[in-house]
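Engineer: My questions will all concern the structure given below.
The values are calculated or read from the model by the stated rules, or taken from the named source; none is laboratory data. Worth saying up front: this structure is predicted, and the values here are computed from it rather than measured. FYI the Cβ positions are ideal-geometry reconstructions off the backbone, even for glycines, and counts take in every protein chain you see. Side chains included, ligands, DNA and RNA excluded: accessible areas come from the protein's heavy atoms. Shrake-Rupley method; radii C 1.70, N 1.55, O 1.52, S 1.80 Å.
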Amino acid sequence: MSLTVSLRIDQPVVGCLGSGPRLLAKARYCADQGARVVWLGHDRLPDEAPASSECCPEPASDTVLSSDDFGLVLIDSGNAGRDERWLSQIATDVPIWMPGNHPRARVQFPATVQRGPLRVTVDTGGRWPTVANWLRQRLDTLLPEGLTDVLQAMLAKGDLNQVLDTPHQRRGFWYRLLDSPLVSRAHQMSADAINRELDTALRSAEGRGPRGEVFLIGAGPGDPDLLTLKALRVIAQADVVLYDRLVSREILSRVRADAEMIHVGKQRSRHTLPQEEINQRLVELAQEGRTVVRLKGGDPFIFGRGGEEIETLAEAGVPFQVVPGITAASGCSAYAGIPLTHRDYAQSVRFVTGHLKNDTCELPWRDFVQSNQTLVFYMGLVGLPIIARELMAHGMAPSMPVALVSKGTTPEQVVVTGTIDTIADRVAASEVKAPTLIIIGEVVSLRDKLDWIARS
Ligand code: SAH
């Protein structure tokens, strides 16, 4: 078993035996962190050894090197006998790095990207150095150069807790700072200029009282890659998240780790919290000064009751923002290879709720039966036989193509296709699970041509 932990070294002296490139890279890393590097039994420094390093002679055969002498020893001389001889003279409490699986070697170096005092490490347990290196390069391009200078300057400011009292203020300060243009240009600025900007940012964070805010966020239909960048950024800062059943586990895992999570349900006929109570909770939580995220499946303004929630917030004077999401119709149609409009087949698309109140059919069926129009029914699984019957009764051709997409955009996506006169029976026979979306129109027939996912 291996754990990624950090090694505290009280005696910052690193012994090195060998001169291969793997060992040299590690020796340079240790020197960069401030260690004194000593070449064991070398009578001259290897080329490319860190400039500050020095040589030490072979010890007498009865000497044992202890953790008072070395905080860490790196061994890779290319000669197994020599490696063993040295090992036998190093006390067992000295941490040792060696390539391979030697039982004494208990230290591994993860791939590292460094920005001043910040170190981001990638650890594959030594299994896949190429994977680690690939990710290290990605991270390196992702982390702005100026981060080094900003963090160094912050280090000099001492304990932030002494300046900003509340966790809310500190979190707000860091997020605003890290998202600000300063981190991308600080490496081209003087230390004084950086300091001045940091002081301004600190003063402004100090002045900010706890001011709660609500973000109504669309989480998309399921695939976490369909979250917007703004949604990702905001859920990473949330103090409390109220989410419904439709929001997937993968998406919830992107929420800030110590945020309070409140499940507010929303299952057909089994609403866990009544809508009025959700609206009220949002107001109360924001009034406590917290950053509140209301996370909804798809888009908050499409069959999401987002309108009602912000109405209550507006009445209570609570600041809010709405972050749109990819609605189920867009997600499911794209992942099922069905364009909702098409120059030749559909010039309009209509989103309809199939949640039939008390099983009555009070929908403008006549308007739905128009040529060149795609119909998308949300919440239509239970009502499907009635929907199909009513559409045909109002003149839709029984051969009109229909697709039902279950758990669209997730790995469990299933698409059942048929025509308006066969779809209800096909769906009943298929035992598909909610949530499902029903797409009705000529465009469904394009699926055979366009669904590369199904064909690949
Ligand atoms: N605001 C959401 C819709 C909420 S109503 C949006 O914009 O998508 C809930 C309905 O959305 C479900 O009954 C179903 O019809 C549809 N739906 C949501 N996610 C879906 C998914 N992954 N696959 C199929 N249908 C989905």
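Engineer: Short version: ³J(HN,Hα) in whole Hz for each residue of region 302-311, in order, from phi by Karplus 6.51 cos²θ - 1.76 cosθ + 1.60 (θ = phi - 60°), x for Gly and Pro, what are they?
Structural biologist: 10, 6, x, 6, x, x, 5, 5, 6, 4
Engineer: Here's another thing I want to ask about it. Which trypsin sites (Lys or Arg not before Pro) in region 1-77 pass both tests, a DSSP loop state and at most 14 other beta-carbon atoms within 10 Å?
Structural biologist: Numbers: sites: Arg8, Arg22, Lys26, Arg28, Arg36, Arg44; in loops: Arg8, Arg44.
Answer by residue number: Arg8, Arg44.
Engineer: For the chain, what is the accessible area per residue in Å² when the probe is 1.4 Å?
Structural biologist: Working: 24560 Å² over 456 residues.
That works out to 54 Å² per residue.
Engineer: I would also like to ask the following. With a ≥ b ≥ c the root eigenvalues of the C-alpha gyration tensor of the chain, is it rounded (a/c under 1.5), prolate (a/b larger than b/c) or oblate? List each step's numbers first, then the result.
Structural biologist: Details: a/c = 3.24, a/b = 1.99, b/c = 1.63.
Since a/c reaches 1.5 and a/b is larger than b/c, the shape of the chain is classed as prolate.
Engineer: If I stretch the segment between Thr166 and Val120 completely, what's the gain in nm (0.36 nm per residue apart, minus their alpha carbon distance), one decimal? Present the calculation step by step, with values, prior to reporting the outcome.
Structural biologist: Numbers: separation 46, 0.36 × 46 = 16.56 nm, distance 2.65 nm.
13.9 nm is the gain from fully extending Thr166 to Val120.
Engineer: What is the helix-to-structure angle for 384-393, meaning the angle in degrees between its Cα long axis and the longest Cα principal axis of the chain, kept from 0 to 90 and rounded to the nearest 10?
Structural biologist: 40
Engineer: So, one more: Once amide H atoms are built 1.01 Å from N in the peptide plane, which residues 5 or more positions from Arg350, or in another chain, come under 5 Å H to H?
Structural biologist: It is Thr374, Leu375, Val376, by chain and number.
Engineer: Something else: Using Cα-Cα distances under 8 Å and only pairs 6 or more residues apart, what relative contact order does region 38-130 have, in percent?
Structural biologist: Details: 102 pairs, mean separation 16.3, N = 93.
Once divided by the residue count of region 38-130, the mean separation gives 18 percent.
Engineer: What is the chain's relative contact order, in percent, from Cα pairs under 8 angstrom and six or more apart in sequence? Display every interim value, and only then the final one.
Structural biologist: Values: 784 pairs, mean separation 42.7, N = 456.
So the answer I get is 9 percent.
Engineer: Dipole of region 146-278 (Lys/Arg Cβ +1, Asp/Glu Cβ -1, origin at the Cα centre): which of Gln188, Thr166, Pro224 lies farthest to the positive side?
Structural biologist: Pro224
Engineer: Another question, if that's okay. Quick check: pseudo-label points 7 Å beyond the Cα along Cα→Cβ at Gln188 and Asn372, how many nm apart are they?
Structural biologist: 5.3
Engineer: Please list, in order along region 115-125, the HN-Hα scalar couplings obtained from phi with the Karplus expression 6.51 cos²θ - 1.76 cosθ + 1.60 (θ = phi - 60°), rounded to whole Hz, x for Gly and Pro.
Structural biologist: Along region 115-125, the couplings run 10, x, x, 8, 10, 10, 10, 10, 10, 10, x Hz.
Engineer: Please identify every one of the trypsin sites (Lys or Arg not before Pro) in region 382-456 that sits in a loop by DSSP and has no more than 15 other beta carbons within 10 Å of its own beta carbon. Walk me through the numbers before you get to the answer.
Structural biologist: Values: sites: Arg389, Lys407, Arg426, Lys433, Arg447, Lys449, Arg455; in loops: Lys407, Lys433.
Sparse-neighbourhood loop trypsin sites (Lys or Arg not before Pro): Lys433.
Engineer: Less than 10 Å Cβ to Cβ from Met189, Lys/Arg counted +1 and Asp/Glu -1: what total charge do the surrounding residues give? Could you put the intermediate results ahead of the total?
Structural biologist: Details: positive: Arg185, Arg196; negative: Asp149, Asp192, Glu197.
Its environment carries a net charge of -1.
Engineer: Under 11 Å from the Cβ of Asp258, count the other residues' Cβ atoms, weight Lys and Arg +1, Asp and Glu -1, and hand me the total. Present the calculation step by step, with values, prior to reporting the outcome.
Structural biologist: Working: positive: Arg171, Arg256; negative: Asp239, Glu260.
Cβ neighbours under 11 Å give a net charge of 0.
Engineer: Projected onto the charge dipole of the chain (+1 at Lys/Arg Cβ, -1 at Asp/Glu Cβ, origin at the Cα centre), which of Ser399, Gly380, Val264 gives the Cα projection farthest towards the positive end?
Structural biologist: Ser399
Engineer: How large is the helix-only mean residue ellipticity at 222 nm for the chain, computed as the sum of -39500 (n - 2.57) over DSSP H runs with n ≥ 4, divided by its residue count, in deg cm²/dmol to the nearest 500?
Structural biologist: Numbers: 17 runs with 151 residues, N = 456.
Here the helix-only value at 222 nm equals -9500 deg cm²/dmol.
Engineer: Can you list the HN-Hα couplings for region 295-301, worked out from phi with the Karplus curve (6.51, -1.76, 1.60; θ = phi - 60°), rounded to whole Hz and with x for Gly and Pro?
Structural biologist: Here the 3J(HN,Hα) series is 9, 10, x, x, 10, x, 9 Hz.
Engineer: Oh, and also: Where the only charges are on Cβ atoms (+1 Lys, Arg; -1 Asp, Glu), what is the dipole of region 228-309 about its Cα centre, to the nearest 20 debye?
Structural biologist: Working: 14 positive and 12 negative charges, 79 e Å.
With only Lys, Arg, Asp and Glu charged at Cβ, the dipole is about 380 debye.
Engineer: Measure off, as a whole percent, the carbon and sulfur share of the 1.4 Å-probe accessible area of the chain, all protein chains present. Kindly include the intermediate steps, with their values, before the conclusion.
Structural biologist: Numbers: 12480 of 24560 Å².
The nonpolar share, carbon plus sulfur, comes to 51 percent.
Engineer: Relative to the Cα centre, what is the charge dipole magnitude of region 272-332, using +1 at the beta carbon of each Lys and Arg, -1 at the beta carbon of each Asp and Glu, and rounding to the nearest 20 debye?
Structural biologist: Working: 5 positive and 9 negative charges, 54 e Å.
My answer is approximately 260 debye.
Engineer: Exposed loop sites here are GluC sites (Glu not before Pro) in DSSP loop states with at most 16 other C-beta atoms within 10 Å. What is the longest stretch of the chain lacking them? The partial results should precede the final answer.
Structural biologist: On the way: sites that count: Glu48, Glu145, Glu288, Glu362, Glu412, Glu431.
My reading of the result: 146-287 is the longest stretch.
Engineer: Also, quick follow-up: When DSSP beta bridges are limited to those with both residues in the chain, what percentage is antiparallel, rounded to the nearest 5?
Structural biologist: Here the share of antiparallel DSSP bridges comes out near 35 percent.
Engineer: Please compute the net charge surrounding Asp223, taking Lys and Arg as +1 and Asp and Glu as -1 over other residues with Cβ under 13 Å from its Cβ. Provide the component values of the computation, followed by the final result.
Structural biologist: Numbers: positive: Arg249, Arg254, Lys407; negative: Asp225, Glu250, Glu412.
That sum, taken over residues with Cβ under 13 Å, equals 0.
Engineer: Enumerate lysine pairs in the chain that are 8 or more residues apart or on different chains, then count those whose Cα atoms are under 23 Å apart.
Structural biologist: 11
Engineer: Determine the order of Val150, Val107 by accessible area, beginning with the largest, at a probe radius of 1.4 Å. Show your work: numbers first, answer last.
Structural biologist: Working: Val150 0, Val107 25 Å².
Sorted descending by solvent-accessible area, the residues read Val107, Val150.
Engineer: Compute the length gained on full extension between Asp47 and Phe109: take 0.36 nm times their separation in residues and subtract their Cα-Cα distance, giving the result in nm to one decimal.
Structural biologist: On the way: separation 62, 0.36 × 62 = 22.32 nm, distance 2.18 nm.
Here the answer is 20.1 nm.
Engineer: Roughly how many nanometres apart are two label points built 7 Å out from the Cα toward the Cβ at Thr341 and Ala80?
Structural biologist: Inter-label distance under the simple model: 7.2 nm.
Engineer: Name the residues whose placed amide hydrogens come within less than 5 Å of the amide hydrogen of Val37, ignoring near sequence neighbours (fewer than 5 apart) on the same chain.
Structural biologist: Those lying under 5 Å, H to H, from Val37 are Val14, Glu54.
Engineer: Taking amide hydrogens as modeled 1.01 Å from N in the peptide plane, which residues meet the under 5 Å criterion relative to Thr419, leaving out close sequence neighbours?
Structural biologist: Distant-sequence amide H within range of Thr419: Val402.
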